[in-house]
Amino acid sequence: MPGNKKLVGALAIAGGVLALGSTAVAFGSGGDPAAETSGDAPAAVRSASEGHYTGPDEVYTGPDPDEVYTGPGEGYRGPWPEHCTKEEPAVNGDRARDIALERVPRAKVIEVELDRCYGLEWELELRKGQTEYDVTVDARSGDVVGYEEDRDD
């Protein structure tokens, strides 16, 4: 029965090709069932539009949960918006800038930001030469409550 051996061999090859093809589809969708839905766009494009794209050059892990408020039970680890103060600072941004420059004379102020959620504090980023400085000033008292240096190497 040489004809049956050829048929069995052809079926085995076809089954192997089919198995490899479905594995490639599963890996191509990142295992995301939503990416396997029908549509005109390829799975990678549909997946990218849903925020889950994992292309060959980069891996998207989603937004930083410390930076994005997603609501209860979604991995948010920062303060809740209702816990942030609406209190006006006793020390304004210009005074905070002067205080930071007293700590790092002749530096260039890059950014000044009021943080209302981790205490009422001014967060300042300064640069002087090859060094970046982060200075945190209490917006109630004007005290320097945080200081970091990071040298570019």
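Each reported figure results from applying straightforward, stated rules to the coordinates on display, with no laboratory input. Just so it is clear, the structure is predicted and the values come from calculations on it, not from any experiment. Heads up, the Cβs are rebuilt from the backbone with ideal geometry, glycines too, and the neighbour counts pull from every protein chain shown.
Points to keep in mind about this one:
- 12 Å beta-carbon shell around E88, net charge (K/R +1, D/E -1): +2
- Close amide H partners of V145, meaning residues 5 or more places away or on another chain with modelled amide H under 5 Å apart, are T136, V137, D138.
- Packing-based ranking, highest mean first, of 92-101, 117-126 given that Cβ atoms within 10 Å are counted: 117-126, 92-101
- Charge tally for R140 (other residues, Cβ to Cβ under 13 Å; Lys, Arg +1; Asp, Glu -1): -4.
- Summed residue charge, Cβ within 11 Å of E111's Cβ, Lys/Arg positive, Asp/Glu negative: -2
- Derived scalar couplings ³J(HN,Hα) [the range 116-124; Karplus, 6.51 cos²θ - 1.76 cosθ + 1.60; whole Hz; x for Gly, Pro]: 9, 9, 10, x, 8, 9, 8, 10, 10
- Taking every alpha-carbon pair under 8 Å whose residues sit at least 6 apart, the range 93-151 reaches a relative contact order of 27 percent.
- If R0 is taken as 35 Å, the Cβ-Cβ distance between E82 and E148 corresponds to a FRET efficiency of 0.75.
- Volume per residue of the convex hull around the Cα atoms, evaluated for the range 93-151, comes out as 67 Å³.
- Net charge dipole size for the range 93-151 [Lys, Arg +1 and Asp, Glu -1 on Cβ; Debye, nearest 20]: 280
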